[in-house]
Amino acid sequence: MQKHEVQVQGTRCKIHFYSNYPLKSLTEPRSFSIHLRAILKMVKMKKLFIVLAAGLILAACKSSDKKPPVAAMTQEEKDIAIVDSANFTSIEWLDSTYKDMGKIKEGEKVNVVFHFKNAGTKNLVIADVTAGCGCTVPEKPQRPYAPGEEGEIKATFDSSDKHGEVNKQIYVKANTNPGDITLNFRAEITN
């Protein structure tokens, strides 16, 4: 027959075990003390360790998802990439290929931005970006974009000596099919 009793005093817990086994050493009462404060501290530390470990694992996963930017290419490499169908990819325009800039005052310079994403499996190479006239100055990205990576085509439109409604184009040459993409924007020039 076994018997035990528990005594709790503040943060201490004392447990006594009694046994009727034939061995002499087991027939004597056995007891030990447990410090509840120490147990609670160990439980809290264990939980903290689990949370920290999970955080480190998540951080490691996120950092491995990031791909380093692709190195810049020479113009010759870009020219080859846009005609070699083995290197073709697809581009997704995140906002649109058309922007309405609304009303702007004559002489005002306005920035136009078209956001894109490389939706294919090969590096996206933007070989050239040109405008339909001298009043629009586009910026050409200098490096390729890895699959899944996002970027933007920026241009500055100068409304000096313009009146009424204007429709402007930006031409993009890339290793996509079709390779020539036209971006459009409109503005109404007021005095």
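Nothing in this text is a laboratory measurement; each read-out follows from the coordinates by a stated rule. The structure presented is a predicted model; accordingly, all values stated were derived computationally and were not measured. Because the Cβ atoms are built from the backbone with ideal geometry, glycine has one as well, and the counts that use them run over all protein chains shown.
Annotations
- Coordinate range along principal axes, alpha carbons of the stretch 73-191, Å, largest first: 50, 26, 19
- Among 172, 120, 155 the positive-end extreme of the charge dipole of the stretch 75-190 (Cβ point charges): 155
- Over 26 Å between alpha carbons, listed pairs 99/122; 105/168; 117/162; 78/109; 103/168: 99/122; 117/162; 78/109
- Descending by average beta-carbon neighbour count within 10 Å, the peptides 153-164, 76-87 line up as 153-164, 76-87, the highest first.
- Three-way shape label, the stretch 107-156, alpha-carbon gyration tensor, a/c 1.5: prolate
- Taking a sphere under 10 Å around the Cβ of residue 180 and counting the other residues whose Cβ falls inside, with K and R at +1 and D and E at -1, yields a net charge of 0.
- Restricting the GluC sites (Glu not before Pro) of the stretch 90-191 to loop positions (DSSP other than H, G, I, E, B) with no more than 13 neighbouring Cβ atoms within 10 Å leaves 106.
- Annotation: aspartates and glutamates with alpha-carbon distance below 13 angstrom to residue 154 (same-chain offsets under eight excluded): 128, 139.
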